[in-house]
Amino acid sequence: MKRWLLLILLCLPTVQAVAANDIQSVRVWPSPDKTRIVFDLSAKPDYSYFTLYDSQPYRLVIDFRDTERKASLTNLGEESLLVKKVRTSSPQYANSTRIVIELNSKSQPEVFSLPANETYSDRLVVDLPGESVRRTGPAKSVDELKERVVTVAIDAGHGGDDPGSIGPSGTYEKHVVLKIAQALATQINNDPGMQAYLVRTGDYYLTPDSRPEKAREAKADLFISIHADAFTSPGPNGASVWVLSKRRANSEIGRWLETREKHSELLGGAAEILQGNDSESYLARTLLDMSMDNSMAGGYNVANEIIDEMKRITRMHKSKPQAASFAVLKSPDIPSILVETGFISNPREEKNLLSRNHQNKLASAIYNGVRRYFVQNPIDGTYFAKHRSTRHIVKSGESLSILAQRYNTSISAIKSHNNLQSTVLKIGQVLEIPAS
Ligand SMILES: [Zn+2]
């Protein structure tokens, strides 16, 4: 009894000093049109806020009553163009926490709390409207371009609240796939015949449905989703490339035929036909099926080209394109593929995926595969159609200078057309010889 009393007495002062709530972590999600800041709390927040926009730095001040800060605030907001920094300041009341968000420009904040759910604890959400990530190289419209180029939509999987798979040492899939996507975009934008459209440009969430939609809006000729695989055990490893399954494509077309607004988008002038009688709608179905067969064949071929390139730099989990019903692979009219760059659940591959060098190699492999596909299957009116080339398979005794002479072109033209790093040729190597 005495011991209990002592214990209670000892605990009493600390119990009184402990705040009712804790800020357990703070997350900052910049997206193209806003920055979202989320405070994860141990209980429902009791808060108030105000802005200081009369002088620089512009500030949003949030007071959390009866709350202790346990989360670190270092480096927060670094990736947002809108947020300068997140820091604390002397609180107004004892036991409370004052958070100051310094802003680069004025933004009318929306502040609201969210109750705990299965995944998250109680939260306070701060939405700050305003451009928060640099729009990296927006794809130019066909009219803006001097010469029609191929537009490749690159979709880095997951983002924001959705980390994707998590590696054994804590690597998030969403981060590594964005790095690979950005490296791929750079390589594509350096190509005179192509331009990249990045579907996701920062650490924010996009629904699987909105990703192919964005690619369609950008008038993409190809859609590539970049991911990293995971398994429950660390063993499985290697990369794989996935294409839209015929079954999924068929069901998507079925859905499209039911939505009138989709018709004009898909068929242009032929859309009128659909409003007619049954035999005419049969024709529409046929047109859509043809377009689907075309783009599915395209997806399959580009997947094969990418596999050919990837197997030189990484082990392949599957050596042939795999068909699947992934949520992002749903466009029956745009060749669409999903690249699993490796297993993030495998410790060795997790390390590889984190390395800048390996990320660049993966990006190069995808780029080379995409390029070869468009060189061999040039879209009418594009750079690749205008600069048509001849396919040549290297035989024994042939060198770049021999080939340059034979095809009446230059060594540098062959090198740049095939993205060759060295002048050494291998027997059986496939080259595209540019027209002189
Ligand atoms: Zn994924």
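The values are calculated or read from the model by the stated rules, or taken from the named source; none is laboratory data. Remember, it's a predicted structure, so these values are computed and weren't measured experimentally. Note that each Cβ is placed from the backbone with ideal geometry, even for glycine, and that neighbours are counted across all protein chains shown. To get the accessible areas, we keep the full protein, side chains included, count just its heavy atoms, and leave off ligands, DNA and RNA. Shrake-Rupley method; radii C 1.70, N 1.55, O 1.52, S 1.80 Å.
The residues on offer are G254, G268, and the sole one that is on the phi > 0 side of the Ramachandran plot, assigned by TED's automatic domain parsing to the domain that holds G167 and modelled with pLDDT under 85 is G268. With respect to the conditions (1) surrounded by fewer than 18 Cβ atoms within 10 Å (Cβ to Cβ); (2) at pLDDT 95 or above, S55 lacks only one, and its number is (2).
Restricting the range 383-435 to residues that are assigned to a loop (DSSP other than H, G, I, E, B) and among the aliphatic types (A, V, I, L, M) leaves a set whose member that is nearest to N368 (Cα to Cα) is L420.
Looking across the range 98-110, the residues that are closer than 21 Å to E79 by Cβ and surrounded by 14 or more Cβ atoms within 10 Å (Cβ to Cβ) come down to I99, V100, I101, E102, L103, N104, S107, P109.
For R348, the test of being open to solvent by 60 Å² or more (accessible area, probe 1.4 Å), more than 26 Å from A196 (Cα to Cα) and either at pLDDT 95 or above or in a loop (DSSP other than H, G, I, E, B) (or both) is passed.
Among the conditions (1) open to solvent by less than 60 Å² (accessible area, probe 1.4 Å); (2) within 32 Å of the chain's Cα centre (by Cα), H392 misses just one, which is (2).
In the set D293, D278, only one residue is surrounded by fewer than 20 Cβ atoms within 10 Å (Cβ to Cβ), acidic (D, E) and at pLDDT 80 or above; that residue is D293. Among the residues making up the range 49-101, a single one is under 19 Å from P30 (Cβ atoms), outside any strand (DSSP E or B) and more than 32 Å from the chain's Cα centre (by Cα): P57.
Annotation for the range 214-223: at least one member residue is basic (K, R), at positive phi, in the same structural domain as I334 (by TED's automatic domain parsing) and more than 16 Å from the ligand (Cβ to nearest atom).
So is I306 more than 16 Å from the ligand (Cβ to nearest atom) and at pLDDT below 90 or not?
no
Take the conditions (1) touching a residue at least 12 places away in the same chain (Cβ under 8 Å); (2) surrounded by 18 or more Cβ atoms within 10 Å (Cβ to Cβ); (3) outside the structural domain of S245 (by TED's automatic domain parsing); K415 misses just one of them, which is (2). The residue that is least open to solvent (accessible area, probe 1.4 Å), counting only those in the range 25-48 that are over 24 Å from G202 (Cβ atoms) and assigned to a strand (DSSP E or B), is L41. Of all the numbered requirements in (1) open to solvent by 30 Å² or more (accessible area, probe 1.4 Å); (2) at pLDDT 90 or above; (3) within 30 Å of G235 (Cβ to Cβ), F326 misses one, and that requirement is (2). When the residues of the range 374-412 are filtered to those that are without any contact (Cβ under 8 Å) to a residue 12 or more places away in the chain and among the small types (G, A, S), the one that is farthest from V150 (Cα to Cα) is G397.
The residue pairs whose first member lies in the range 358-373 and is of a type in the set (F, W, Y), whose second member is assigned to a helix (DSSP H, G or I), and whose beta carbons are closer than 7 Å, counting only pairs six or more residues apart or on different chains, are Y367/L184; Y367/Q187; Y367/I188; Y373/N301; Y373/V302; Y373/E305. Among the residues making up the range 160-183, those that are outside any loop (DSSP other than H, G, I, E, B), within 11 Å of the ligand (Cβ to nearest atom) and either small (G, A, S) or in contact with a Gly (Cβ under 8 Å, 6 or more places away or on another chain) (or both) are Y172, E173, K174, V177. Here is the figure for the range 184-209: residues that are surrounded by fewer than 19 Cβ atoms within 10 Å (Cβ to Cβ) and within 16 Å of the ligand (Cβ to nearest atom) total 4.
When the residues of the range 296-323 are filtered to those that are free of Cβ contacts under 8 Å to residues at least 60 places away in the same chain and farther than 26 Å from E252 by Cα, the one that is most open to solvent (accessible area, probe 1.4 Å) is R312.
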